[in-house]
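Throughout, read-outs are computed from the coordinates displayed, never taken from laboratory work. Predicted model only: the values in this text are computed from it and were never measured. Every residue, glycine among them, receives a Cβ derived from its backbone with ideal geometry; neighbour counts consider all protein chains shown.
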């Protein structure tokens, strides 16, 4: 006897079901999703409320992921979690300045950690440089007037990295000067 393949549910299946429910049931569904996880709460706040309060929640996730507790042997850098926070914020909003802020904050957290505790490793610096480059691209898409505070933060990161190993400082200089000078 041949095994019958089970069809995996898709978004289209869910969409069909949603079309059949009324507004009160839809609101109840969103409420249940809201209560299900902090990630959902952060997403919904960013989508519907925006502002600095939701940005602070994503900044906290990034800080906790990249400025770890050195006394806790179980705490390790979580680049994926920090990047996911940025991507989730980006999906929830069209706030290009907020997205650039989070990208720069990501690099600031990692940069501060290495300034406070010393050289890390190549993987660490590669992740910071990659995000620094993305942040520069995001800033370059803004008007010159809106770029100013972000450029200042990017330049401060670059200047403070002088003397850090693994080619980190050189890479930051390369991307900064290529974009802005």
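Here are the numbers for the structure shown:
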| item | result |
| --- | --- |
| Among 138, 92, 148, residue whose mean-square fluctuation peaks in a GNM of the chain (springs only between Cα atoms under 10 Å) | 148 |
| Peptides 96-107, 8-19 ordered by average Cβ neighbours within 10 Å, highest first | 96-107, 8-19 |
| Per-residue [θ]222 nm for the chain (sum of -39500 (n - 2.57) over DSSP H runs n ≥ 4, rounded to 500) | -24500 deg cm²/dmol |
| Descending principal axes extents, region 101-181, alpha-carbon based, whole Å | 36, 21, 18 |
| Relative contact order (%) - criterion: Cα under 8 Å, at least six apart; region: the chain | 16 percent |
| Extension reserve of the residue 81-residue 130 stretch, reckoned as 0.36 nm per residue once the Cα distance is removed | 16.1 nm |
| Computed lengthening from residue 12 to residue 33, 0.36 nm per intervening residue step minus Cα-Cα distance | 5.7 nm |
| Folded to 0 to 90 degrees: helix 144-160 orientation relative to the chain principal axis, Cα | 60 degrees |
